[in-house]
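Here is the structure we will look at, set down as structure tokens.
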Amino acid sequence: MPATVVIGGQWGDEGKGRIVDLLARDASVIARYSAGNNAGHTIINQLGLFALHLVPAGIFYADKTCIVGNGVAIDPQVLLEEIDSLEARGVSTEKLFVSDRAHVIMPYHPIIDQLDEKLRGPAAVGTTGRGVGPAFGDKVGRMGVRMGDLIDPQAFRERLAFVLPYKNAVLTKLYGAEPLDIEDIFEAYSKFAARLAPRVCDTSRIARAAIERGENVLLEGAQGALLDLDAGTYDYVTSSVPSSTSPGAAIGIGIGPGDITKVVGVYKAYMTRVGNGPMPTELLDETGNILRLQGPRPEIGTTTGRPRRTGWFDAVCSRYSASINSVTSVAITRLDVLDPFPSIQVCTAYEIDGRVVETPPASISAFERAVPRFEELPGWQTDCTQARKFAQLPENAQRYVRRLGQLIGKPIEIVSVGPEREQVIIVDHDLEGA
Ligand code: GDP
Ligand code: IMO
Ligand code: MG
């Protein structure tokens, strides 16, 4: 089983980091393949709580190789801070490698990201402001700086001399902002380059060699399918090229698509979203507040600290995301958050302009008009955080999880009942019939 991809099936923050931490036990290489430090992946283990933005969640296993792949946009300062913070807490980063083809988030990218949000006014996307969108824009526009350029002083200077006048024109003429100085950037980024250089290499070779040896490679997605440029709620999406969906995984690490044999789709037992854009099942009432605040890890954004929007499980979007990702098995997370509810709603279809719709519309305007059709399921009002086998879950919780599996249309393999490493149920299908 060479390569497994872990993807988010909703609008991000499904608990991918926590699932990768679990699955990494059986892999020899763990790699991030997309996005940048807009991602925030939380892991709680014996060393404490970690919020990772660029380093793969496999880093806590000293014997594994970790890769920041060619599909990631890297802010070198953020990466170095993350490495330093891990080392200071006793986590070795000796086997962490960075692709020479990965693009660099330059100082003008976060500035343009934030100025652009202001310019969009009421149509602001609600980005994380980390410069990720503008960095991928430059990648597609053939204006990017790659890690291989950054660590080669001559190439870096030539690249900056080509790109910066263009960026300064955008900053000054479009946004009325101050231009940036080439020497300041060169000096600061050369220091980052010197520290990162020993890790920068052709990481695709590492992944391909592991696959050829028959070892397991685990590919850690960021965000979620509903934030994807093509599949998501455009233009309230994130700008990662390659996509964070499973089809992007092969490109973003540099392996062939046929090497991917398993796709784990991670879904919360309800929905959340950070930033703007449609969310048909959103709850703006007390129920939404309970979903946000219930349990040990309230729904607060890992990267920006923004409160997450909350709502009931949306099977229309979730079935769609499982299908376009070729999900082979599902991990349901945060089931424990539903513990207090006497009854739980699940959206099984939308009504748009009087028509029943079972797949997400392309038009954002139609999405905004979608009225969810709900199915009501009984709650369990019992603490489920101690369950370690499916049969130990309250009967109505079992029923709820089974129903989610039916609606998503894929087998449920993992149920997470708390944020800690061991708070998890591996579902045995033969024995437990989920
Ligand atoms: P990611 O971006 O998909 O890795 O997810 P985040 O780390 O941004 O957000 C998931 C949040 O849920 C984090 O605070 C996790 O610690 C927490 N979490 C993960 N699984 C569970 C669970 O089963 N129960 C609870 N209560 N929290 C969980
Ligand atoms: P993880 O990997 C949740 C959202 C932002 C915003 C939109 C565009 O932790 O699940 P961007 O800064 O990417 O241009 O913002 O995408 N977003 C995420 N939401 N989890 C994430 O990552 C996200 N990464 C981006 O909130 O709505
Ligand atoms: Mg997150």
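The values are calculated or read from the model by the stated rules, or taken from the named source; none is laboratory data. Note that this is a predicted model, so its numbers are computed, not measured. Because the Cβ atoms are built from the backbone with ideal geometry, glycine has one as well, and the counts that use them run over all protein chains shown. Just the protein is used for accessible areas: all its heavy atoms, side chains included, with ligands, DNA and RNA removed. Shrake-Rupley method; radii C 1.70, N 1.55, O 1.52, S 1.80 Å.
Overview of values
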read-out: Criterion (open to solvent by less than 30 Å² (accessible area, probe 1.4 Å) and either of a type in the set (Asp, Glu) or in contact with an Asp or Glu (Cβ under 6 Å, 6 or more places away or on another chain) (or both)) met by exactly one of Asp383, Asp339; value: Asp339
read-out: Some residue of segment 365-373 being part of a loop (DSSP other than H, G, I, E, B) and either away from ligand 3 (no atom under 16 Å from the Cβ) or buried (at least 19 other Cβ atoms within 10 Å of the Cβ) (or both); value: yes
read-out: Neighbours by Cβ (under 6 Å, 6+ apart or cross-chain): first from segment 196-214, more than 20 Å from Val55 (Cα to Cα); second at pLDDT 95 or above; value: Ile211/Val217; Ile211/Asp259
read-out: Candidates Ala391, Ala331, Ala370 - the one that is closer than 20 Å to Gln294 by Cβ, out of contact with any Cys (no Cβ under 8 Å at 6 or more places or on another chain) and of a type in the set (A, V, I, L, M); value: Ala331
read-out: Unmet criterion (only one of (1) surrounded by fewer than 24 Cβ atoms within 10 Å (Cβ to Cβ); (2) at pLDDT 95 or above; (3) of a type in the set (Ser, Thr, Tyr)) for Thr303; value: (2)
read-out: Residue satisfying condition, being open to solvent by 10 Å² or more (accessible area, probe 1.4 Å) and touching a residue at least 60 places away in the same chain (Cβ under 8 Å), within set Pro278, Pro257, Pro296; value: Pro296
read-out: Matching entry among Arg130, Arg142, Arg101 (being open to solvent by 20 Å² or more (accessible area, probe 1.4 Å), closer than 30 Å to Ala207 by Cα, touching a Pro at 6+ places or on another chain (Cβ under 9 Å) and in a loop (DSSP other than H, G, I, E, B)); value: Arg130
read-out: One residue from Gly275, Gly288, Gly256 being more than 14 Å from ligand 1 (Cβ to nearest atom) and over 24 Å from Glu375 (Cα atoms); value: Gly256
read-out: Residue tally, condition more than 14 Å from ligand 1 (Cβ to nearest atom), over 16 Å from the mean Cα position of the chain (by Cα) and crowded, with 23+ Cβ neighbours inside 10 Å, over segment 28-59; value: 1
read-out: Enumeration of residues in segment 127-152 that are of a type in the set (Lys, Arg) and over 17 Å from the mean Cα position of the chain (by Cα); value: Lys139, Arg142, Arg146
read-out: Any hit, segment 67-89, residues being farther than 23 Å from Val264 by Cβ, open to solvent by 10 Å² or more (accessible area, probe 1.4 Å) and of a type in the set (Val, Ile, Thr); value: yes
read-out: Segment 227-240 residues that are under 14 Å from Cys317 (Cβ atoms) and within 16 Å of ligand 3 (Cβ to nearest atom), paired with ones that are modelled with pLDDT of 95 or more and small (Gly, Ala, Ser) (beta carbon under 6 Å, 6 or more apart); value: Leu227/Gly12; Asp228/Ser243
read-out: Failed item, numbered, when Asp21 is tested on (1) within 16 Å of ligand 1 (Cβ to nearest atom); (2) within 22 Å of Ile151 (Cα to Cα); (3) open to solvent by less than 20 Å² (accessible area, probe 1.4 Å); value: (2)
read-out: Among the residues listed as Gln381, Gln406, the single one being in contact (Cβ under 8 Å) with a residue 24 or more places away in the chain, farther than 20 Å from Asn45 by Cα and among the polar types (S, T, N, Q); value: Gln381
read-out: Single unsatisfied condition, Asn396 versus (1) within 17 Å of Ala322 (Cβ to Cβ); (2) open to solvent by 30 Å² or more (accessible area, probe 1.4 Å); (3) not in a loop (DSSP other than H, G, I, E, B); value: (1)
read-out: Residue selected from segment 25-51 under the condition hydroxyl-bearing (Ser, Thr, Tyr) and under 29 Å from Arg208 (Cβ atoms), by the criterion nearest to ligand 2 (Cβ to nearest atom); value: Ser34
read-out: All positions within segment 73-98 that are within 20 Å of Ser190 (Cα to Cα) and part of a loop (DSSP other than H, G, I, E, B); value: Asp75
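Conditions tested, residue by residue: (1) within 12 Å of ligand 3 (Cβ to nearest atom); (2) not basic (Lys, Arg).
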position	(1), (2)
Val29	no, yes
Leu47	no, yes
Ala51	yes, yes
Ala57	yes, yes
Lys64	no, no
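Residue-wise test of (1) away from ligand 2 (no atom under 16 Å from the Cβ); (2) of a type in the set (A, V, I, L, M); (3) free of Cβ contacts under 8 Å to residues at least 24 places away in the same chain.
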residue: Asp75; (1), (2), (3): no, no, no
residue: Val78; (1), (2), (3): no, yes, no
residue: Leu86; (1), (2), (3): yes, yes, no
residue: Arg89; (1), (2), (3): yes, no, no
residue: Ser92; (1), (2), (3): yes, no, no
residue: Val98; (1), (2), (3): yes, yes, no
residue: Met106; (1), (2), (3): no, yes, no
residue: Arg130; (1), (2), (3): no, no, no
